[in-house]
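Visitor: Below: one structure in structure tokens.
Readers should treat all values here as calculations from the given coordinates under stated rules, not as data from a laboratory. Because the structure is a prediction, the values reported are computed rather than measured. Cβ placement follows ideal geometry from the backbone for every residue including glycine, while neighbour counts extend to all protein chains displayed.
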Amino acid sequence: MNDENNYVPAEIWVWNKDSGGAFASLNRPVSGATSEKPLPIGRHPIQLYSIGSPNGQKITILLEELLARGIEGAEYDAWLIEIMQGDQFTSGFVEVNPNSKIPAMVDRSGSQPVHIFESGAILMYLAEKFGAFLPEAGAARAQCLSWLFWQVGSTPLLGGGFGHFYTSAPTKIRYAIDRYALEVKRQMDVLDRRLADNEFTAGPDYTIADMAIWPWYGGVATGQFYDAVKFLGLDEYRHVQRWTKTVGERPAVRRGIMVNRTFGDPATQLRERHDASDFDRIS
């Protein structure tokens, strides 16, 4: 057995800066800004500061869906936050999001700017602001919000749990991988059973719940993230696979996942978006 398997916690924990794997440079036990730098401001009311990770994709998908409905007030500037370079720790970003995580958004349509952070909160804010993709009341609204917050509460075990230990951790720890693999399969089963009787997660209508869940669970189910389809047997969740394909074929979703994207085929990357015509440059 190696030292990892024999680890005994110290009486007082001390931060080891060299631990943490691929993202060790981003992790620290304190908050706050590390440098002074204001955020850029574009010409649209909605200013988004993000990167094209699953959490970032949620917001750009919704904004593109709103624009596809002809809601002109949803026009936006999407500024790239290079998290591997520490942009999330600049003073301007921390002012909008004290938690230093993407995405962060500022709505400048009113007399005073409104700062919003956490992807679920941004989705709700925009859906309520524009009256779209979130039922107004009753059982339909309750279902939508239940599935939205299911994603918010469940995904850290998929991403920071399974994803970290399966792909990013400096040491492959069988207990950790097995523990989180079990949980990912349980979550996929929850989602698959729901989608067996419903076209979308909240019911018959496409909502912000789907926009929140799809980037993570659709991405994992198709191998875009973690390359674990065979390892986890994800093909067996046929209702998840059907729903993943349906949502992924929406034109607004295809546009949304390009915004602030920094990986994959360059033809799928729109690193910053300031106008609808920006998509023409990569088509």
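Visitor: Kindly list the residues of the range 160-177 that lie in the label zone of S25, defined by a backbone N under 18 Å from the point 7 Å along the Cα-to-C-beta vector.
Guide: Residues 168-170 fall inside that zone.
Visitor: Extending each Cα 7 Å along its Cβ direction at L182 and E82, get the distance between those two points in nm, one decimal.
Guide: The modelled label-to-label distance comes out at 4.2 nm.
Visitor: Expressed as a whole percent, how much of the Cα-Cα distance distribution for the range 34-114 exceeds 15 Å? It would help to have the intermediate numbers written out before the result.
Guide: On the way: 1811 of 3240 pairs.
Above the 15 Å cut-off, the range 34-114 has 56 percent of its Cα pairs.
Visitor: Something else: Taking a point 7 angstrom from the Cα of K172 along the C-beta vector, which residues in the range 206-226 have backbone N less than 20 Å away?
Guide: Counting backbone N atoms under 20 Å from the label point, the list is 223-226.
Visitor: Okay, next question. Can you tell me the convex hull volume per residue for the chain, based on C-alpha atoms, in Å³ to the nearest whole number?
Guide: Working: hull volume 43.2 nm³, N = 283.
Expressed per residue, the convex hull around the Cα atoms of the chain is 153 Å³.
Visitor: Using the Karplus curve 6.51 cos²θ - 1.76 cosθ + 1.60 with θ = phi - 60°, what ³J(HN,Hα) values do you get for each residue of the range 192-208, in whole Hz, with x for Gly and Pro?
Guide: Working through the residues one at a time gives 5, 5, 5, 6, 5, 10, 9, 5, 10, 5, 8, x, x, 10, 6, 9, 4 Hz.
Visitor: By how many nm would the segment from R281 to V114 lengthen if fully extended, with 0.36 nm per residue of separation less the alpha-carbon distance? Mind dumping the intermediate values first?
Guide: Working: separation 167, 0.36 × 167 = 60.12 nm, distance 3.11 nm.
Separation in residues times 0.36 nm, less the Cα-Cα distance, equals 57.0 nm.
Visitor: Given the Cα-Cα distance of E128 and E36 and 0.36 nm per residue of separation, how much length would full extension add, in nm? Before the final figure, lay out each step's value.
Guide: On the way: separation 92, 0.36 × 92 = 33.12 nm, distance 3.34 nm.
Taking E128 through E36 to full extension adds about 29.8 nm, to one decimal.
Visitor: Against the empirical 2.2 N^0.38 Å scaling, what ratio does the C-alpha Rg of the range 75-154 come to?
Guide: Numbers: Rg = 14.6 Å, N = 80, 2.2 N^0.38 = 11.6 Å.
In units of the 2.2 N^0.38 Å rule of thumb, it is 1.25.
Visitor: Could I ask something else about it? Helix-derived [θ] at 222 nm for the chain: sum -39500 (n - 2.57) over DSSP H runs of at least 4, divide by residue count, nearest 500? List each step's numbers first, then the result.
Guide: On the way: 9 runs with 102 residues, N = 283.
Computed mean residue ellipticity for the chain: -11000 deg cm²/dmol.
Visitor: Take the Cα atoms of the range 138-249, build their convex hull, and give its volume per residue in Å³.
Guide: On the way: hull volume 9.7 nm³, N = 112.
In the range 138-249, the Cα convex hull volume per residue is 86 Å³.
Visitor: Using each residue's phi in the range 59-65, evaluate 6.51 cos²θ - 1.76 cosθ + 1.60 at θ = phi - 60° and report the 3J(HN,Hα) Karplus result to the nearest Hz, with x for Gly and Pro.
Guide: So the J values, rounded to whole Hz, are 6, 5, 4, 4, 4, 5, 5.
Visitor: Okay, which of the range 184-216 sit inside 11 Å, backbone N to the point 7 Å along the Cα-Cβ direction of S146?
Guide: Only 202-203 pass the distance filter.
Visitor: What FRET efficiency, computed as 1/(1 + (r/R0)^6) with R0 = 35 Å and r the Cβ-Cβ distance, is obtained for T262 and A139, rounded to the nearest 0.05?
Guide: Details: r = 40 Å, r/R0 = 1.15.
Efficiency at R0 = 35 Å is approximately 0.30.
Visitor: Could you list, in their original order, any pairs among K101/K245; K58/K129; K37/K129 whose Cα atoms are separated by more than 26 Å?
Guide: Details: K101/K245 29 Å; K58/K129 16 Å; K37/K129 29 Å.
Exceeds cut-off: K101/K245; K37/K129.
Visitor: About the Cα centre, and with charges only on the beta carbon of Lys, Arg (+1) and Asp, Glu (-1), how big is the dipole of the chain? Nearest 20 debye, please. Don't skip to the end; give the middle numbers.
Guide: Working: 28 positive and 34 negative charges, 59 e Å.
With only Lys, Arg, Asp and Glu charged at Cβ, the dipole is about 280 debye.
Visitor: Full-extension gain between V8 and K230, please, as 0.36 nm times their residue separation minus the C-alpha to C-alpha distance.
Guide: The span from V8 to K230 would gain 76.5 nm if fully extended.
Visitor: Most exposed first by the Cβ proxy, i.e. fewest other Cβ within 10 Å, how do L145, L234, L62 rank?
Guide: Details: L145 18, L234 21, L62 27.
Going from sparsest to densest Cβ surroundings: L145, L234, L62.
Visitor: Where the eigenvalues come from the Cα gyration tensor of the range 1-153, what are the semi-axes √(5λ) of the equivalent ellipsoid, largest first, in whole Å? Present the calculation step by step, with values, prior to reporting the outcome.
Guide: Numbers: eigenvalues 235, 92, 33 Å².
So the three semi-axes of the range 1-153 are 34, 21, 13 Å.
Visitor: Follow-up. Let me check I have the definition right: for the range 194-283, take the eigenvalues of the Cα gyration tensor, multiply each by 5, take square roots. What are those semi-axes in whole Å, largest first? Walk me through the numbers on the way to the answer.
Guide: Details: eigenvalues 134, 61, 16 Å².
Equivalent-ellipsoid dimensions as semi-axes: 26, 17, 9 Å.
Visitor: Could you give the Stokes-Einstein D for the range 150-195 in µm² per second, using the C-alpha Kirkwood radius, 37 °C, 0.692 mPa s? Please list the in-between numbers first.
Guide: On the way: Rh = 10.9 Å.
Roughly 302 µm²/s, to the nearest whole number.
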